[in-house]
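In what follows, a structure is listed as structure tokens, so that the remarks can point back to it.
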Amino acid sequence: MKPAIEANFDGLVGPTHNYSGLSYGNVASSLNSAKPSNPKAAALQGLTKMKALADMGFVQGVLAPHERPHIPTLRALGFTGTDQQVLAEAVSKAPKLLAAVSSASCMWTANAATVSPSADTKDGRVHFTPANLVNKFHRSIEHTVTGRILQATFPDRAHFAHHPALPSVDHFGDEGAANHTRFCSDYGKPGVELFVYGMSAFNTAMARPQRFPARHTLEASQAVARNHGLSDHGAVFVQQHPDVIDAGVFHNDVIAVGNGNVHFYHEKAFLDTAQMQADLRQAWGDQEKTLYFVEVPNDEVSVEDCVQSYLFNSQLLSKADGTMTLIVPGEVQQNERVWNYLQKLIQQDTPIKEVQVFDLKQSMSNGGGPACLRLRVAMTAEEVAAVNSATLMNDALYNTLTSWVEKHYRDRLVEADLADPSLLMESRQALDELTQILQLGSVYEFQQA
């Protein structure tokens, strides 16, 4: 076994961060539709969290946002002329389409990809599969550029393997790491990868939600596990309860979070909780650490409380002393039942001994908390050394990116602003400069023209 750590790579919020209510099934996204957003505040809030985790001693990286509005998609859909003419025609004939191709949703990098560390894979490399996100049009256009950014961030093919996204059809709907959790006694040892799905695409006799879509299929999870070279006993597949999907729990990371030897989840998270526990215990085997199941009772914290507060959309981080810290959004303090539960939790006989609160209101208002903003990548020291070092957070990068945001971002944006040609030019100028700061090369189409 090689010693390893778990790094977090957060998505940097893009200059077009806005509230267009594009994500059906995401309660926060729908409730805040058409309200003014503050892209500058959103980006700075995200950077503050990244810097805080780096200061706590965690390896913290940055993933670049995408070009938005995405003119190549509009051109592929029949809009012609100069970029300015394309924008004008889109806002005139298809304003909601313009809103979709202007979404800054790539900030939620938990959906960017599924990652399997080298300790789990057949070829001993870290494997990445960008999520196709086919259930939502505004996200389905992300995976090509996401793949380029991941390859520029993790460039060494001796250590990192990059797969294309799964076929972009509902049968293989893939929402990435938002439905994937890895359990292990040590990050450098072989672990158990838990894949959570909303339905089976081919077996229509299986349960499925009736109100909101099940975005992630069993078949997608099985395909990713095969592509990553996971062993049969190293992958467990569990169905999310259809009722909680219909209650607004659009991803597993809104109702459960895991890390190391702890699975922290709501009583109603899974269709068959007993089977989930049995399958994980069997896969866990005789690892030297106890596998903890921390189940939150519904009579203390309801599913509605979870959706409102994003209790489980938190980061569960291992500290050097063997305990764990839960990084939560400020909204949990506003829900008395949730906050009271957390005060009791840290007194219980589990590794979770600390709760830290962060202000991520701009992201939360669009339906994404701390866990949505980060992609987890377990790596050995040799693999960390092979990462593009310009993307790793430190004092200098934090100061540079803060100045970059202050220079390029607006502090107020409404949906009507998306048709402003100046916003497109501002965004491109900002991203062109960012690729130089992060040493990514030409990852955007406008740089390749």
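The values are calculated or read from the model by the stated rules, or taken from the named source; none is laboratory data. The model shown is predicted, which means the values in this text are computed figures rather than measured ones. Using ideal geometry, Cβ is built from the backbone for each residue, glycine included, and neighbour counts are taken over all protein chains shown. Only protein heavy atoms, including side chains, enter the accessible area calculation; ligands, DNA and RNA are left aside. Shrake-Rupley method; radii C 1.70, N 1.55, O 1.52, S 1.80 Å.
Assorted remarks:
- Within region 275-309, considering residues that are open to solvent by 70 Å² or more (accessible area, probe 1.4 Å) and in a helix (DSSP H, G or I), the one nearest to residue 183 (Cα to Cα): 281
- Residues that are in a strand (DSSP E or B) and among the β-branched types (Val, Ile, Thr) within region 247-269 comprise 257, 262, listed in sequence order.
- Residues (surrounded by fewer than 19 Cβ atoms within 10 Å (Cβ to Cβ) and closer than 19 Å to residue 272 by Cα) located in region 202-218: 203, 204, 205, 206, 207, 208, 210
- When the strands (runs of 3 or more DSSP E) confined to region 50-149 are screened for residues that are among the acidic types (Asp, Glu), none reaches at least 3 such residues.
- For region 398-409, a residue qualifies if it is crowded, with 18+ Cβ neighbours inside 10 Å and not aromatic (Phe, Trp, Tyr), and the qualifying residues are 401, 405, 408.
- Residues (under 13 Å from residue 195 (Cβ atoms) and either out of contact with any Asp or Glu (no Cβ under 7 Å at 6 or more places or on another chain) or part of a helix (DSSP H, G or I) (or both)) located in region 207-231: 217, 218, 219, 220, 221, 222, 223, 224, 225, 226, 227, 228
- Qualifying residue in region 381-404 (condition: touching a Lys or Arg at 6+ places or on another chain (Cβ under 8 Å), part of a helix (DSSP H, G or I) and aromatic (Phe, Trp, Tyr)): yes
- Only one of 319, 268 that is farther than 20 Å from residue 195 by Cα and either open to solvent by 20 Å² or more (accessible area, probe 1.4 Å) or over 22 Å from the mean Cα position of the chain (by Cα) (or both): 319
- Just one of the listed residues (64, 34) is more than 12 Å from residue 363 (Cα to Cα) and modelled with pLDDT under 90, and it is 34.
- Residues of region 162-213 that turn out to be among the aliphatic types (A, V, I, L, M) and without any contact (Cβ under 8 Å) to a residue 24 or more places away in the chain, as a count: 1
- Subset of region 312-337 (residues that are closer than 17 Å to residue 302 by Cβ, among the hydrophobic types (A, V, I, L, M, F, W, C) and in contact with an Asp or Glu (Cβ under 8 Å, 6 or more places away or on another chain)): 312
- Taken across region 78-89, residues that are on the phi > 0 side of the Ramachandran plot, modelled with pLDDT of 95 or more and more than 20 Å from the chain's Cα centre (by Cα) do occur, with at least one present.
- Enumeration of residues in region 164-180 that are closer than 20 Å to residue 237 by Cβ, open to solvent by 10 Å² or more (accessible area, probe 1.4 Å) and not in a helix (DSSP H, G or I): 165, 166, 167, 169, 180
- Number of residues in region 427-442 that are surrounded by fewer than 17 Cβ atoms within 10 Å (Cβ to Cβ) and in contact with a His (Cβ under 9 Å, 6 or more places away or on another chain): the value is 2.
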